[in-house]
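Enquirer: Quick one: structure below, then a few questions.
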Amino acid sequence: MIPGNGLCGRRWGDIVRKEEVKVAVVRIEGTNCEEEAARAWKMLGATVEKVHLNQLTGKTVASDRRSLEDYHALFIPGGFSAGDYIRAGAMFAARLKMKMGRELERFVEEGKPVIGVCNGFQILVELGLLPGIEHIMSRVPEAVLMTNDSARFECRPTLLKHVNKGKCIFTSQIANGQILQIPSAHAEGKLQFPKEEEERWLDRLFDNDQIVFRYVDQNGEYAGYPWNPNGSARNIAGICNDQGNVFGMMPHPERVLDWHTHNDWTRENEGREKGEERGREDMSDGDGLVVFKSAMEYVTRKW
């Protein structure tokens, strides 16, 4: 790892308190869920700033400018950035790569966490940071998130099985095989590789422990629509890079930080009040918060 960074002289391996962790939620026109993402990190004690891309590229007044080096972690939110013209996430990715591509590569090389959710996942793929097998950032995209098989916007609860064996830092506190309920809301979430090479790419991702979440049904089995809302190859819902510090997923963990935001919260709560047996013991945290907890644990241990 590169030992130096811009965090007030800190070096890789230094211990940092939670309140010292700085997170940038990067936005442009058309992004959404920035508030939910910021709240996730704040709930865990981090200092969060919602940063417009222009602030990072210097395209603003001096007092508003920011440097990527000043942050421990980067969150790229969902939405329809720049109207999703050309392809979903393509415009946001092009602007990032053109203006600060080398800075992003250095950020990842230093081991800092980067997460992209929904449109953010699409952006990470367009950037070439994912799948991230042979390069930190590929010159051109190596995959794409295509239009859902249903040819429509799918907004529904989805069940995700955690299949990562330990590489992804964003799921280190989730047991292998554990199933989370995380909502999906997208029109272009079907992960695909070039047809003639798709099986080779998928095999490499599985062999390299870069598959993080897969869509399953209520029995924990891999199934088609509607359990897999987009038709993604091998039910893939989220992947990480080879280092494990860049992570993209289509479902929205920031939308279920509290249990009462889950779609079945009222049924579970009413059942408990009636003394019925229910499968969930913890009625406080939502299933999405553990993704951010895992990243915070990593940052406070490493920086």
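The values are calculated or read from the model by the stated rules, or taken from the named source; none is laboratory data. Quick caveat, the model's predicted, so the values are computed rather than measured. Heads up, the Cβs are rebuilt from the backbone with ideal geometry, glycines too, and the neighbour counts pull from every protein chain shown.
Enquirer: Would you mind stating whether Glu109 is more than 19 Å from Ala233 (Cβ to Cβ) and of a type in the set (D, E, K, R)?
Expert: Answer is yes for this residue.
Enquirer: Taking the stretch 130-145 as the search range and keeping residues that are in a loop (DSSP other than H, G, I, E, B) and touching a Gly at 6+ places or on another chain (Cβ under 8 Å), which one is surrounded by the most Cβ atoms within 10 Å (Cβ to Cβ)?
Expert: Leu130
Enquirer: While we're on this one: Taking into account only those residues within the stretch 48-75 that are of a type in the set (D, E, K, R) and crowded, with 17+ Cβ neighbours inside 10 Å, which is nearest to the chain's Cα centre (by Cα)?
Expert: Looking at the filtered set, the residue picked out is Lys50.
Enquirer: Looking only at the stretch 104-113, decide whether some residue is part of a strand (DSSP E or B), under 21 Å from Pro251 (Cβ atoms) and modelled with pLDDT of 95 or more.
Expert: No, the stretch 104-113 has no match at all.
Enquirer: Could you list, in sequence order, all residues of the stretch 170-187 that are surrounded by fewer than 24 Cβ atoms within 10 Å (Cβ to Cβ), outside any loop (DSSP other than H, G, I, E, B) and among the β-branched types (Val, Ile, Thr)?
Expert: Within the stretch 170-187, just Ile179 meets the criteria.
Enquirer: Which one is surrounded by the most Cβ atoms within 10 Å (Cβ to Cβ), of the residues in the stretch 151-169 that are aliphatic (A, V, I, L, M) and part of a strand (DSSP E or B)?
Expert: It comes out as Leu160.
Enquirer: Looking at (1) at pLDDT 75 or above; (2) part of a helix (DSSP H, G or I); (3) surrounded by 16 or more Cβ atoms within 10 Å (Cβ to Cβ); (4) of a type outside the set (S, T, N, Q), which one does Gly248 not meet, given that it meets all the others?
Expert: Of (1) at pLDDT 75 or above; (2) part of a helix (DSSP H, G or I); (3) surrounded by 16 or more Cβ atoms within 10 Å (Cβ to Cβ); (4) of a type outside the set (S, T, N, Q), only one is false for Gly248: (2).
Enquirer: Is it the case that some residue within the stretch 87-110 is closer than 13 Å to Ala187 by Cα and surrounded by fewer than 22 Cβ atoms within 10 Å (Cβ to Cβ)?
Expert: There is at least one residue in the stretch 87-110 that is closer than 13 Å to Ala187 by Cα and surrounded by fewer than 22 Cβ atoms within 10 Å (Cβ to Cβ).
Enquirer: Would you mind stating whether Asn148 is out of contact with any Lys or Arg (no Cβ under 8 Å at 6 or more places or on another chain), polar (S, T, N, Q), assigned to a loop (DSSP other than H, G, I, E, B) and surrounded by 20 or more Cβ atoms within 10 Å (Cβ to Cβ)?
Expert: no
Enquirer: When the stretch 207-227 is examined, which residues are found to be under 18 Å from the mean Cα position of the chain (by Cα), over 16 Å from Val125 (Cβ atoms) and not charged (D, E, K, R)?
Expert: Matches in the stretch 207-227: Tyr215 only.
Enquirer: When the stretch 1-47 is examined, which residues are found to be at pLDDT below 55 and in a loop (DSSP other than H, G, I, E, B)?
Expert: Hits for the stretch 1-47 are Met1, Ile2, Pro3, Asn5, Gly6, Leu7, Cys8, Gly9, Arg10, Trp12, Gly13.
Enquirer: From the list Gly79, Gly89, which one is free of Cβ contacts under 8 Å to residues at least 60 places away in the same chain, touching an Asp or Glu at 6+ places or on another chain (Cβ under 9 Å) and over 20 Å from Ile136 (Cβ atoms)?
Expert: Exactly one residue qualifies, and that residue is Gly79.
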